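Okay, structure first, notes after.
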Amino acid sequence: MPLLKDGKIVNDSWLYLDDSIALPKVGAIVVSLARWQRDRAALMARTDSVGVRLTADQSPEQIKEDLTELALVAIEFPAFTNGRGYSYARLLHRYGFTGEIRAVGNVLRDQYGNMKRCGFNALEVKSGETEAHWQATVSNFSAPYQVAADGAEPIMSLRQQRMAATGG
Amino acid sequence: MTRQVITANRLKDGLVVFLAEDGSWADSILDAQLLKAGSELDNRLVLANAAEQAKIVVGPYEIEVTETDTGDIRPVRYRERIRAYGPSTHADFARQDIPGHLTHLDDVSPVYFNGVG
Amino acid sequence: MYRYDEFDRNFVNERVTEFRGQVARRLSGEMSEEEFRPLRLMNGLYLQLHAYMLRVAIPYGTFSSVQMRKLAHIARTYDRGYGHFTTRQNIQFNWPKLDQVPDLLAELADVEMHAIQTSGNCIRNVTADPYAGAVADEVDDSRIWAEIVRQWSTLHPEFTYLGRKFKIAVSASDFDRAVIRFHDIGLILKKNDAGETGFQVWVGGGLGRTPMIGKVFNEFVPQQDLLSYLEAVLRVYNMYGRRDNKYKARIKILVHETGIDELKAKVEAEWREIRDSALKVPDDEVARIRSYFAPPPFEQLDAIDRSFETKKFENPEFARWVTGNVVAHREPGYRIVNISLKPEGLPPGDITADQMEDLADLAETYSFDEIRATHEQNLVFAHVKQSELFELWQELAEIGLAMPNIGKVSDMIACPGLDYCALANARAIPLAQRISKRYADLDQQFDLGELKLKISGCINACGHHHVGHIGLLGVDRRGEEYYQITLGGSGAEDAAIGSIIGPAFSSETVVDALESVISLFVELRLDKERFLDTYRRVGAAPFKSRLYPEKLDAAA
């Protein structure tokens with residue numbers, strides 16, 4: 001699957017490793033939570049990066065202590081209407097995770113903006129979709145109402161700054 | 001004897017439409033093509049689904065109808081009668097272009113509660 | 001009332017542009033109906049039985065004459081000359097065409113209105129006490145806090161694809177005029193012993209297929225921590241709420257299945273993590289928003305106006321309207337006026353474009369240019385001089401809006417039902433129209449006293465039938481419209497869920513059945529007891545045997 005990463009469509013250098021397949025010696029791999037919990041030692045002994053793929057009912061709380069070992073967390077969207085992953089990304093961000101947070105599965109272009117705001121920095125796109133397709137759905141809101149994971153200044157603080165500046 | 005007609009909502013304005021014999025979508029159930037259940041209906045459903053793909057209609061499906069004594073087409077289910085005849089809440093919202101369903105109009109609002117229900 | 005600053009204005013304009021793009025991509029076929037559906041719903045646009053329907057937000061039900069005039073224009077241009085007030089203090093329009101909706105939204109944005117989150121599995125339009133800022137029994141103006149919640153919840157990036165819709169209401173009184181206990185989150189403003197303001201938080205109330213009364217999750221969340229507490233509840237719900245069955249996806253089911261203590265602990269744990277963050281509401285911002293809700297320039301008036309008393313004495317119809325629709329105001333010489341949108345035989349909550357324009361003028365003349373919509377599908381002029389009530393009443397009578405039936409049997413809530421709604425099983429409005437005709441005698445209505453009758457056309461319960469003193473629920477029984485009767489519900493501070501009294505009645509017999517229930521109430525009633533109190537005293541049994549005598553015979 002191609003990926004949209006930081007606004008560009010790129011080839012995915014990560015391998016999703018099925019639980020039944022033996023660990024390869026080299027190359028970045030993404031494993032299931034069960035595999036991570038089972039083969040933790042072996043996975044950490046490898047030199048190349050490892051990531052964990054969470055299903056929609058696996059909260060990142062379960063890997064909170066492991067995040068320094070991981071370079072990527074993939075969050076599955078079984079349906080584009082299942083929005084659990086947005087909160088999972090917020091949690092990962094709050095835990096201080098600095099690796100890639102990737103949305104995989106059933107993701108719509110129109111969800112791109114919200115996903116970015118919640119801390120996702122990569123999304124799996126359908127084959128044939130171009131950067132232009134994705135750019136077309138990016139909405140131009142000058143400022144949001146909420147604080148989220150993207151660091152955008154919310155309207156409430158912009159108002160505060162303005163009040164401070166005008167002394168009123 | 002019951003027959004089938006295919007109905008949907010038009011994408012652009014959302015209005016109720018019925019598949020006509022020439023493959024167009026008619027505003028009135030009186031212009032709907034009567035179909036026999038089975039292959040005749042199935043073939044037309046293929047066309048209806050293509051019309052959904054072609055951005056003409058949304059959610060096509062078949063409904064059961066009967067022909068009245070006067071030759072008008074009347075849906076069997078009351079839900080579909082309301083769809084075909086218009087809301088029963090205001091006299092002027094009931095569809096004036098479809099005869100035969102306002103016969104029970106009386107002084108009791110709703111205007112054709114008995115006619116539809 | 002609240003006015004947009006440039007941030008709010010930009011935001012709403014940008015939302016119109018975004019939706020215009022989405023509609024264009026749907027019409028060009030770039031987007032399927034399945035993909036478009038959640039996007040249009042989040043902007044209040046439904047595809048109903050006969051056409052599209054657009055639900056326009058009236059945040060916490062407060063709006064101005066300018067906005068009312070724009071709604072009248074929209075009713076004429078895009079609907080067939082009507083608007084329809086809903087139980088979420090919103091207004092909806094039938095018959096708009098998809099390709100015209102972006103223009104409609106742009107027109108709304110011109111008067112600081114929108115349709116954001118009036119549907120969809122997101123945080124819905126925030127509701128509040130329709131008497132806020134006028135009534136003596138409130139701790140604070142609930143609209144200040146409803147506005148803060150509105151802004152926080154507007155296009156919240158994390159809570160846009162929840163398991164199900166999420167409704168928040170705010171009140172500031174011991175009297176519940178906002179159905180607080182049947183919301184996903186109900187907020188009641190309180191003062192603690194130290195005199196600080198905070199919120200009693202009710203979680204997990206709701207109607208629908210499985211009605212539940214909310215539970216108190218926190219007795220006192222300090223006002224500056226409101227948003228962090230809400231965010232904690234929403235995050236826990238978003239992560240743990242069920243996604244496997246849409247009828248079990250509301251937070252009420254999560255509360256019920258997890259248990260209050262365990263879920264409360266989860267919420268509190270999450271709250272501790274985010275309480276001291278940028279979610280704290282700064283005092284300056286509260287003050288800024290509060291300034292918009294400052295009391296209007298009331299005149300110093302005597303509590304009793306002699307001419308008002310004379311008019312009441314001279315004109316019994318006026319006196320009846322005052323008794324029925326007018327309530328006390330906290331300022332001497334002022335009154336709160338309820339305007340019933342339940343004239344005899346007409347669809348509950350409907351209003352014509354002409355009436356909207358007339359009401360806009362009347363609000364300017366008599367009530368500081370401000371109108372409220374109530375969850376019971378009526379309107380309120382919150383600040384009317386006692387000395388001007390007679391003139392206002394005369395003007396309302398001229399436009400057919402002086403029906404004195406507030407809280408009476410003909411003041412029904414009815415959902416759109418099968419006349420409009422794609423989900424309904426039976427009609428609701430025509431039944432309301434028939435009941436309204438049956439109980440057209442106002443003397444009889446006044447004798448019966450407060451009687452909340454609520455009608456839903458399907459189990460989703462948009463007509464609040466579970467909390468009607470008498471509720472009617474439309475069902476489809478073998479291709480016929482039938483109606484189930486529930487008794488003993490209440491959406492007020494004495495919250496209760498009505499019980500189904502027995503098998504459903506056909507559309508031909510249900511009005512007679514209702515009349516049997518009401519006449520039995522009259523027989524059993526002590527003094528001036530309300531229907532609800534009689535029912536609570538005597539229980540369901542006498543009503544069952546009156547409605548189903550054959551069962552009694554069979555048992556004997």
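The values are calculated or read from the model by the stated rules, or taken from the named source; none is laboratory data. Since this is a predicted model, take the numbers as computed values, not measurements. Here the Cβ positions follow ideal geometry from the backbone for every residue, glycine too, while neighbour counts run over all protein chains shown. Areas reflect the complete protein model, heavy atoms only, side chains present, ligands, DNA and RNA absent. Shrake-Rupley method; radii C 1.70, N 1.55, O 1.52, S 1.80 Å.
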Legend entry - Dimensionless Rg over Rh [region C:398-556; C-alpha; Kirkwood]: 0.96
Inset, instruction - Return a whole-number percent for the relative contact order of chain C, with Cα pairs under 8 Å and 6 or more residues apart as the contact set. - result: 12
Inset, instruction - Could you check how much of the accessible area of chain C is carbon and sulfur, as a whole percent, using a 1.4 Å probe? - result: 49
Legend entry - Förster-model FRET efficiency, 51 Å R0, C:H73 and C:Y548, C-beta, rounded to 0.05: 0.50
Inset, instruction - Find the percent of Cα-Cα distances in region C:306-398 that exceed 19 Å, and round it to a whole number. - result: 37
Legend entry - Principal axes of region A:116-168: Cα extent on each, largest first, Å: 53, 19, 12
Legend entry - Neighbouring partner chain Cβ atoms per residue of C:344-354, average, 10 Å criterion: 1
Legend entry - Per residue accessible area in Å² of region C:353-489, where ligands, DNA and RNA are left out and the probe is 1.4 Å: 27
Inset, instruction - Give the span of chain A's Cα atoms along each principal axis, as three whole-Å numbers ordered largest to smallest. - result: 65, 37, 27
Inset, instruction - With r as the distance between the Cβ atoms of C:R9 and C:D99 and R0 = 25 Å, compute the FRET efficiency 1/(1 + (r/R0)^6) and round to 0.05. - result: 0.50
Inset, instruction - Considering the convex hull of the alpha carbon atoms of region C:1-150, report its projected area averaged over all viewing directions, in nm², one decimal. - result: 9.3
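When every alpha-carbon pair in chain C is counted, what percent end up more than 41 Å apart? Before the final figure, lay out each step's value.
On the way: 30975 of 154290 pairs.
So the portion of pairs separated by more than 41 Å is 20 percent.
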Legend entry - Calculated from backbone phi, Karplus (6.51, -1.76, 1.60) coupling profile of region C:373-386 in Hz, x at Gly/Pro: 9, 9, 5, 8, 6, 10, 10, 9, 9, 7, 9, 10, 5, 3
Inset, instruction - Could I have the simple spin-label model distance between A:L23 and B:T2, label points 7 Å from Cα toward Cβ, reported in nm to one decimal? - result: 6.3
Inset, instruction - Using only the Cα atoms of region C:71-178, each taken as one equal point scatterer with no solvent, compute I(q) by the Debye sum, divide by I(0), and report log10 of the ratio at q = 0.18 Å⁻¹. - result: -1.02
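Over all directions, the average projected area of the alpha-carbon convex hull for the protein assembly as shown comes to how many nm²?
Working: hull surface 163.9 nm².
Over every viewing direction, the Cα hull of the protein assembly as shown projects on average to 41.0 nm².
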Legend entry - Value of [θ]222 nm, deg cm²/dmol, for chain C, DSSP H segments ≥ 4, -39500 (n - 2.57) each, nearest 500: -11500 deg cm²/dmol
Legend entry - Accessible area buried at the C-A interface, both sides summed, 1.4 Å probe (Å², nearest 100): 3700
Legend entry - Coarse-grained scattering of region C:387-463 at q = 0.21 Å⁻¹, given as base-10 log I(q)/I(0) from a Debye sum over alpha-carbon atoms: -0.93
Inset, instruction - Using DSSP, restrict attention to beta bridges with both residues in region C:341-484 and report what percent are antiparallel, rounded to the nearest 5. - result: 55
Legend entry - Residues of region B:40-78 buried by at least 30 Å² on assembly (accessible area, 1.4 Å probe, chain alone as reference): B:K55, B:V58, B:Y78
Legend entry - Accessible area that becomes buried as B packs against C, both chains, 1.4 Å probe, Å², nearest 100: 2900
Legend entry - A:R53 long-range amide H proximity, modeled H, under 5 Å: A:V31, A:S32, A:L33, A:A74
